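S.K.: Okay, here's the structure, questions in a sec.
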Amino acid sequence: MPVIRTDHGPQYTVQVWADGVATWGMVHERIPNATPNKNAHIASWHSGLEADGLGNQVFHTLAEAYDAVDRWGPFDNERRMHGSWDDWPPAEFCRCVLAGTAPRIKAVHC
């Protein structure tokens, strides 16, 4: 079953959320308290979306916001440089990996 992982925000405790997750055939997994690193990848994605895709914009309708997010997705994947991949866009890095020509990425030690 697909798993959707969230923090403990109040929006994830309402019955509508639980019903939706069940309807979609998903499992709702909550990260442990005080462990934001367990959701770091999505926090990073949201940070980029806010900084590069939605920051300083005012939307008058949900459709406008949806269109902005829809445009940002391909930008993030095809053109935005990602520091974790030595400033390569994900799609280009993936093409290089598949071709066997990807550069070595420096290890990150935490």
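The values are calculated or read from the model by the stated rules, or taken from the named source; none is laboratory data. Not measured: the values here are computed from a predicted model. Methodologically, a virtual Cβ is constructed for each residue, glycine included, from the backbone with ideal geometry; neighbour enumeration extends over all protein chains shown.
S.K.: For the structure I just gave you, tell me whether V97 is more than 25 Å from D7 (Cβ to Cβ), modelled with pLDDT of 85 or more and part of a loop (DSSP other than H, G, I, E, B). So that I can check it myself, show each step before the final result.
M.R.: Numbers: more than 25 Å from D7 (Cβ to Cβ): yes; modelled with pLDDT of 85 or more: yes; part of a loop (DSSP other than H, G, I, E, B): no.
No: the conditions fail for V97.
S.K.: Next question. How about region 25-39: which of its residues are surrounded by 11 or more Cβ atoms within 10 Å (Cβ to Cβ) and either among the hydrophobic types (A, V, I, L, M, F, W, C) or part of a loop (DSSP other than H, G, I, E, B) (or both)?
M.R.: M26, V27, I31
S.K.: Here is a follow-up. Within region 63-75, is even one residue more than 14 Å from the chain's Cα centre (by Cα), at positive phi and surrounded by 11 or more Cβ atoms within 10 Å (Cβ to Cβ)? Break it down stepwise before answering.
M.R.: As a first pass, look at region 63-75 and keep what is more than 14 Å from the chain's Cα centre (by Cα): 63-68, 71.
Pick out the ones that are also at positive phi and you get none.
Within region 63-75, not a single residue is more than 14 Å from the chain's Cα centre (by Cα), at positive phi and surrounded by 11 or more Cβ atoms within 10 Å (Cβ to Cβ).
S.K.: Please list, ordered by first then second residue, the pairs with beta carbon atoms under 6 Å, 6 or more apart or interchain, first in region 41-62 and aromatic (F, W, Y), second assigned to a helix (DSSP H, G or I).
M.R.: Between residues of region 41-62 that are aromatic (F, W, Y) and residues that are assigned to a helix (DSSP H, G or I), the close pairs are F59/A65.
S.K.: Could you list all residues from region 87-110 that are closer than 18 Å to S44 by Cβ and either surrounded by 11 or more Cβ atoms within 10 Å (Cβ to Cβ) or β-branched (V, I, T) (or both)?
M.R.: The answer is W88, P89, P90, A91, F93, C94, I105, V108.
S.K.: From the list G9, G20, G25, which one is on the phi > 0 side of the Ramachandran plot and outside the structural domain of A91 (by TED's automatic domain parsing)?
M.R.: The match here is G25.
S.K.: Still on this model: Confirm whether A34 is within 18 Å of the chain's Cα centre (by Cα) and closer than 27 Å to S84 by Cβ.
M.R.: Numbers: within 18 Å of the chain's Cα centre (by Cα): no; closer than 27 Å to S84 by Cβ: yes.
So A34 fails the test.
S.K.: Quick one: S84 ticks every box in (1) exposed (fewer than 10 other Cβ atoms within 10 Å of the Cβ); (2) modelled with pLDDT under 85 except a single one, so which number is it?
M.R.: Of everything listed in (1) exposed (fewer than 10 other Cβ atoms within 10 Å of the Cβ); (2) modelled with pLDDT under 85, S84 misses just condition (1).
S.K.: Is it the case, given these coordinates, that A68 is without any contact (Cβ under 8 Å) to a residue 40 or more places away in the chain and part of a helix (DSSP H, G or I)?
M.R.: Numbers: without any contact (Cβ under 8 Å) to a residue 40 or more places away in the chain: yes; part of a helix (DSSP H, G or I): yes.
Taking the combined requirement at face value, the residue satisfies it.
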